[in-house]
Amino acid sequence: MDDLRHPTPQAMATALLKAAREGRWNHREHDFLKHASDWVDRASLGRPLAQTEFEELPEIVATYPACELCTYLYRQRRVWGYQARHLPFAGRRLPSVVVVYDPVSREIVHCMRARGYFADYRRRRSSDFVEVTEWRK
């Protein structure tokens, strides 16, 4: 359990990269069309993301040299969170992207604009939020 609660940044990056490249998404919990409004960001891209662009984001986040990393409880299971700020994408920069990965099922659970996701989560469930650390390659 400790490796799920306190993984190394390298282990987190490797796991997310592998899941992204293998297309391991938990489609039961994520529906692109249902969450399309999360990506309507005319200020950063001037248009909504296409599904193919959306599916590229976790791999880009996994290889981004500076992410905030954390582990926390989501629906009674330990997940890993990745937040990339000012993420270069499609010739522009996305202000903030959050990817949530389930290390037990080895699937990507969420990928969305951040909107203060980690900060809000910490305020609501501070006892479940383990840590946030800056990581730079």
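The values are calculated or read from the model by the stated rules, or taken from the named source; none is laboratory data. Everything quoted here is computed from the prediction, not taken from an experiment. We place every Cβ from the backbone using ideal geometry, glycine too, and count neighbours over all the protein chains shown.
Evaluate the following for L94: is it in a strand (DSSP E or B), modelled with pLDDT of 85 or more, within 21 Å of L17 (Cβ to Cβ) and aliphatic (A, V, I, L, M)? Yes; evaluated as a whole, the condition is true for this residue.
Yes or no: R93 surrounded by fewer than 18 Cβ atoms within 10 Å (Cβ to Cβ), in contact with a strand residue (DSSP E or B) (Cβ under 7 Å, 6 or more places away or on another chain) and charged (D, E, K, R)? Answer is yes for this residue. Between E29, E53, the distinction of being over 21 Å from D3 (Cβ atoms), at pLDDT 75 or above and not in a strand (DSSP E or B) belongs to E53 only.
Step by step: first the residues of the stretch 15-26, then only those that are in a loop (DSSP other than H, G, I, E, B) and surrounded by 14 or more Cβ atoms within 10 Å (Cβ to Cβ), then the one that is modelled with the highest pLDDT. Which residue is that? Going through the qualifying residues, I end up with R24. Looking across the stretch 56-91, the residues that are within 15 Å of the chain's Cα centre (by Cα) and part of a loop (DSSP other than H, G, I, E, B) come down to Y64, P65. Screening the candidates R5, R47, R75 for the property of being modelled with pLDDT under 85 and within 17 Å of P95 (Cα to Cα) yields one hit, R47.
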